[in-house]
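A quick write-up on the structure given underneath.
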Amino acid sequence: MLDPSSSEEESDGIVEEESREVMAPQSGSSRISPSRTSESSDRLQPASRGSSARPSSPSPSAASEHEKEDVEKLQREEEERKKKLQLYVFVMRCIAYPFNAKQPTDMARRQLKITKQQLQTTKDRFESFLKGDTQIVADEAFINAVQSYFEVFLKSDRVAKMVQTGGLSALDCREVFKRHIEKRVRSLPEIDGLSKETVLSSWMAKFDTIYRGDEDPRKAQQRMTASAASELILSKDQLYEMFQMILGIKKFEHQLLYQACQLDNLDEQAAQIRRELDGRLQMADQIAGKFPKFVSKEMEAMYIEELKSSVNQLMANLESMPVSKGGEFKLQKLKRGHNTSIIDMGQEDENQLSKSDVVLSFTLEVRTVLAFRQCSLALCSRPGFTYYVVLRPTPNSPKQAELHKMTVTKACPDQDLKIKLAVRMDKPQNMKACGYLWAVGKNVWKRWKKRFFVLVQVSQYTFAVCSYREKKSEPQELLQLDGYTVDYTDPQPDADRAQKHGMDEFISAIPCSFDHASFFEMVHRLTFDHSLNDNFACLGWFSPGQLFVLDEYCARNGVRGCHRHLCYLGDLLERADAGHMIDPTLLHYSFAFCASHVHGNRPDGLGTVTVEEKERFEEIKERLRVLLENQITNFRYCFPFGRPEGALKATLSLLERVLMKDIVTPVPQEDVKAVIRKCLEQAAQINYQRITDYARVEGDLHSNLATPAKKLEHVIRLAELVIEVLHQNQDHHAEAFAWWSDLMVEHAENFLSLYGVDMDAALEIQSPESWDSFPLFQLLNDFLRTDYHLCNGKFHKHLQDLYAPLVVRYVDLMESSIAQSIHRGFERESWEPVNNGSGTSEDLFWKLDALQTFIRDLHWPEEEFAKHLDNRMKLMSSDMIETSVKRTRAAFESKLAKSSRSTDFRIPLSLCTMFNVMVDAKDQSAKLCAMEMGQEKQYHSQIDDLIEESVKDMISLLVAKFVVILESVLAKISRYDEGTLFSSFLSFTVKAASKYVDVPKPGMDVADGYVTFVRHSQDILRDKVNEEVYIERLFDQWYTATMNLLATWLTERMDQQLHVYQLKILIRIVKKKYRDFRLQGVLDSTLNSKAYDTVRNRLTLEEATASVREGGMQGISMKDSDEEDEEDD
């Protein structure tokens, strides 16, 4: 019965023969067998697929070719189904009893992917906000940011492609918007009490509100919490269900396999693992001559050591597992992997068990169910009568109630008394099997007798067979089992059911007899597909539960690490080639592992490398290199808007590693740079081709039917797209290319040069007299001049060379046009007031300002030419303003010369307009002719001097006009000079007539006319002329000149006495003039001049003389009076 695993020939024949006479317990059986040999392994292999497959397809002569294909297809499907069922059995066992791997809890949580419908809903929500259909309050800056985000990101075809491949999550949308607004917020002006961080947080909160729409925030939070929980630890049932979906296993098939494999029995699963590991050890011993092909012959011996080492590691892992939950027994780790001799009680060894290590504790419950012949019991209960029952329960005893014969005294009349008892004895957790056996041994149990044996499990690899006496908790004798594969089985009621459904071949299959490399490749591919098609934007990452099962499968079934990562790389590359978004970190990790393995630089030491692994690695390395170069070439479309975050940078890093010839020697930077340069050169062509197709420019540019204006319009639109692409490259991809920034500059120049071909073609057909292309220059130059790397670059200089002659020709034509407009304008000028001057002056200054604004807005990047243009503008403005000032001064003089010389003269509005033209010319010259450097300052000073001289001349001419008018008044009253005939005749007539009628005061209408003229002229000048300084200067000179004239006129008549009428007129004129000019703001120092004192003194003296001679002045006096004030009013 007990055979050492080291030699089957040493088995005792007597024991075998005698053991046949002993019946095994009916309630169950225990089997303690030595390690399996190769023959036993062969016998336990599942039936071959050929024996269980469907009948072969009919011959071509009996069936059509189509039927043959159908039959072959059915056969392939049946084989595939069987393979998946067998694979599911292995996976189920990994889930049921994992002892190598744990579900990781430190993985980055995968985000829920956005579907096509959700993207459309998001677009609708943002569109509703932009239309104002929501209640969200926002400023113009935020609305503009959302508008740009909506047009550039949400409506992008690249985002639609991300959704299609399952690579877009809500987090991506949020992070892109955050990056989109950060630059905008930083550029906003500072606001007291409001930080930029506060604005950024407020904008992000509004974005979340728009994105969420009318959805309850609590529901969104619950959904996110549920998704997060599904990414964490999964139960066994959840894992079973997941892999049923992955492998296409039906529910009833799972139930059959689950029950038949006793997956809920941890002891059976541990025993299954021990059998598997024992089989793998024997395979390692028998592998001689069946080695895989290695890169070196010396690796064959190393390969055997690897196999044994991996099995020993698994044994150690299994040994560390508790025997069962709540187990009390501990034992030092025993040596595994080699058979040893039987250890009995008499041997002294460090691994020896003592009797105290296998003490068993039982819990016994006894319940009375029914007693027969109760009358007799009552009789026996009298004094002197005793009865009892002897019970010998075991954990194998039936649990239902049974009749037990009672032992009674002889005095009891009823000797056949029975009692029905239900006896239940709990099975200790460390006891795996028990029962009565006949046995004999060499060192223990030396006598052939029946004993109660118990199989006790101390640890996963340490068992003991113990014999017990009744009522004893410690064993009488003990045999420790070491180096044996111990099997024990319980009745399996579902075995027949599983066999009925054809599942027994999958259950009884020996795992080590299968090609687990191909099995793993299959389950890995199916799991990977399932991961890509679930609700998460996985980017190639497995969920924690999936990774846990795959880890356990590889460890338990000896899948080589290199093979596993090669499978992963193959699946990742296949999906990446199909357009799925794959995180390059995964590629990098698996490639680094395989590279270190193939090149013999593994961190855990040198390992065996098969030829197949090396060849497959080289093939995958080449595929990976092609993929990486393709992704860098299409970086805008493989990593749209910089998503996934950091992926492009990781791709560049991985490319550098792939280009290495081995794992140690770094690749020269120039070689890497050459590869990236080539990729970016192709990227420029691809990117330009795509935006050209998007704008539909290509067909229009090369169509003979397209007009020059239409082509220019398309080129401008294309320029906008080019600038947008370069902006996006800078915002989303420049950080990844930070180490290769010079290559990105080259890429941008190549991209612009491709655009330059279409731009040159469009500009070439434009009319020489057309200036519609200047907006194109401004659009491109405004972008290029702000870019540190592209400013004055190749394309920028080409743009300047293209437009410099055009700008010079435009300035020349504008100068000629403005000069002609000045000439024609002043010839037809009506001098009607227009804004701050006349029509011609306004047109001139507007044109000069517009031209200078245009040149200034060009922001010409080349300093010398920009300085030349500025000088040209200032000089032109100075010349034009000088011409307009001279023409205005000449027109002023001409207009004044043609006007009246009497008091009927009224200052025309045209003269005021001319003054205003001078005022406006002075203001405009400060803006249009001002220079800041050296000699050029003369332009402004010269035109200012010219304007001042012209204004001075105009004031002098106008004052001279006023003097002439006053002279005409004085000429009229000169007729009353003393000694003239007219004076004597007029005096006689007035005196004679005054006796009969009230004769009006002769000559006062002259004074009133002059006073009215002065006041009207003052009011017009004060109201219509825009420069106060010129008005004050004019009034000062006017007052001074006329007062000097009066003083001179009176001085000439010093020897004559003034006629009374002369006196009255002069007194009225002088007093009104003094008062009016004082009201106009003429200073007292000017009013009380020497000439005024002379005039006032003479008139006062003449007034006193006239009062004595004439008897009074009829109320006219040099003295101020209230009556005169009322008359003035």
Exposure rank, largest accessible area first [I1031, I233; 1.4 Å]: I233, I1031
Unit Cα scatterers, Debye sum, the stretch 674-766: log10 I(q)/I(0) for q = 0.22, 0.25 Å⁻¹: -1.04, -1.25
Contact order relative to length of the stretch 511-614, as percent, for alpha carbon pairs under 8 angstrom and 6 or more apart: 26
Distant-in-sequence amide H partners of S459 (H built 1.01 Å from N, under 5 Å): none
R0 of 51 Å, Cβ-Cβ distance R975-E832: FRET efficiency to nearest 0.05: 0.80
T1051 accessible area, assembled protein chains, probe 1.4 Å, Å²: 70
Residue-by-residue Karplus 3J(HN,Hα) for the stretch 94-104, coefficients 6.51, -1.76, 1.60, Hz, glycine and proline x: 5, 6, 5, 9, x, 9, 10, 10, 10, 5, x
Residues whose placed amide H lies under 5 Å from that of K113, excluding near-sequence neighbours: F536, A537
Whole-Hz couplings from phi, Karplus 6.51/-1.76/1.60, listed for the stretch 672-685; x for Gly and Pro: 4, 4, 5, 5, 5, 4, 4, 4, 6, 5, 5, 4, 4, 5
Solvent-accessible area of Y1030 with every protein chain in place, 1.4 Å probe, in Å² to the nearest 10: 10
Heavy-atom accessible area order for S201, S296, largest first, 1.4 Å probe: S201, S296
Mean Cα-pair separation over length for the stretch 566-657, i.e. relative contact order, pairs under 8 Å, 6 or more apart, %: 34
Per-residue ³J(HN,Hα) for the stretch 625-632, Karplus 6.51 cos²θ - 1.76 cosθ + 1.60, θ = phi - 60°, Hz, x for Gly and Pro: 4, 4, 5, 5, 5, 5, 5, 5
R280, R76, ranked by accessible area, largest first (probe 1.4 Å): R76, R280
Accessible area of E69 in the full protein assembly, 1.4 Å probe (Å², nearest 10): 100
Förster radius 45 Å - calculated FRET efficiency between T198 and D157 (Cβ-Cβ, nearest 0.05): 0.80
Placed amide H near K418: partners under 5 Å, 5+ positions off or other chain: F372, M406
Estimated inter-spin distance, K427 and E319, nm [label 7 Å along Cα→Cβ]: 2.7
Translational diffusion of the stretch 78-222, µm² s⁻¹ [Kirkwood Rh, Cα pairs; Stokes-Einstein; 37 °C; 0.692 mPa s]: 175
Unsatisfied cross-links (Cα-Cα over 29 Å) in the set K83/K161; K236/K427; K116/K178; K155/K178: K83/K161
Rounded Å value of the spacing that divides the Cα centres of the stretch 269-302 and the stretch 112-135: 60
Between the stretch 837-859 and the stretch 597-648, the Cα center-to-center distance that results, in Å: 64
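The values are calculated or read from the model by the stated rules, or taken from the named source; none is laboratory data. Bear in mind that the values here come from a model prediction, so they are computed numbers and not experimental data. A quick note on method: Cβ atoms are made from the backbone with ideal geometry, for glycine too, and the neighbour counts reach across all protein chains shown. The area values use the complete protein model at the heavy-atom level, side chains included, leaving out ligands, DNA and RNA. Shrake-Rupley method; radii C 1.70, N 1.55, O 1.52, S 1.80 Å.
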